Amino acid sequence: MTERVPYWPPFGLTLTTPRLQLRPIRDEDIPAAVEAALSGVHEPGRNPFSNPWTESPPRELGTNMAQWYWRCRGTMRAEDWTLLLGIWHDGAFIGCQDVAAKDFAALKTVTTGSWLRRSAQGRGLGQEMRAAVALYAFDYLGADVAESEAAAWNQQSLGVSRALGYELNGVSRASWGGTTQEVQKVRLTPATFKRPDWNLQVKGHEATAKYLGIQT
């Protein structure tokens, strides 16, 4: 089988924390990602996402997820990129953590989003995977700011943000899946970041950064 890393270097990126491995989702990982999503990500009727992708009929969800992964890979360029990192815990796929940027060379700002299957929630794994991408953004990519957002009622997500040192950064109103939401924006900098007491292990960074047009 042809090795994918030479023609898409981010496939060689791996972030390792004490309990998790984060790496870009490959085609062979898609069935596990779909199974994790179908197992349940949030309480029924309480969708925390700006795009209510989890509400797709089961027969469509896998197709939609695969198309999203392919679209993010196919449109990636230095001016606008999204890294979709699968999350593995004890060898099992449990969710996805993304980190994205537009005009990174000028703005030095990333945004993040994530999902985690319900069976893996409540154990601090969501905080660990967000800490991982914050460490990667600040210490390896050279970001100055990491931004995120959550529905104002989503205290689980906002609790992770508070624990890591994010500061509140305004509230906006938005239509999420046709429902009006109050959206709490949050902002993290290296100065406010409450770093974990563990070190992030990184492989494949240099080739990934070069592919994204980032000087490190």
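What does the charge add up to near residue 193, with Lys and Arg as +1, Asp and Glu as -1, over the other residues with Cβ less than 12 Å from its Cβ?
Working: positive: 130, 187, 194, 195; negative: 139, 144, 167.
Counting the neighbours of residue 193, the net charge comes to +1.
Once every DSSP H run of n ≥ 4 in the chain is given -39500 (n - 2.57) and the sum is divided by its residues, what mean residue ellipticity at 222 nm do you get, rounded to the nearest 500 deg cm²/dmol? Present the calculation step by step, with values, prior to reporting the outcome.
Working: 6 runs with 59 residues, N = 216.
That comes out to -8000 deg cm²/dmol.
Label point of residue 201 set 7 angstrom out along Cα-Cβ; within the stretch 98-141, amide nitrogens under 17 Å from it belong to 129, 132-133, 136. Each peptide in 169-177, 79-87, 151-159, 111-119 gets a packing score, the mean of other Cβ atoms within 10 Å over its residues, and the list from highest to lowest is 79-87, 111-119, 151-159, 169-177.
Once the Cα-Cα distance is subtracted from the 0.36 nm per residue extended length, the residue 8 to residue 123 segment shows a gain of 38.1 nm. Of all beta bridges that DSSP places with both ends in the stretch 73-215, some 90 percent have antiparallel geometry.
For the chain, lysine pairs separated by 8 or more sequence positions, or belonging to different chains, with Cα-Cα distances below 21 Å total 6. At q = 0.18, 0.22 Å⁻¹, work out log10 I(q)/I(0) for the stretch 5-113 with the Debye formula, treating every Cα as an identical point scatterer and leaving solvent out; two decimals please. The calculated log intensity ratios at q = 0.18, 0.22 Å⁻¹ are -1.01, -1.38.
Once you list every other residue whose beta carbon is under 9 Å from the beta carbon of residue 113, what net charge do they have if Lys and Arg are +1 and Asp and Glu are -1? Intermediate values should be presented prior to the final figure.
Numbers: positive: none; negative: 98, 149.
Once positives and negatives cancel, what remains is -2.
Here mean projected area of the Cα convex hull in nm² was computed from the coordinates, and among (i) 11.3; (ii) 13.9; (iii) 11.9 the match is (iii).
Any read-out appearing in this document is the output of simple, stated calculations on the displayed coordinates, not a laboratory observation. These numbers were taken from a predicted model, which means no experiment stands behind them. Heads up, the Cβs are rebuilt from the backbone with ideal geometry, glycines too, and the neighbour counts pull from every protein chain shown.
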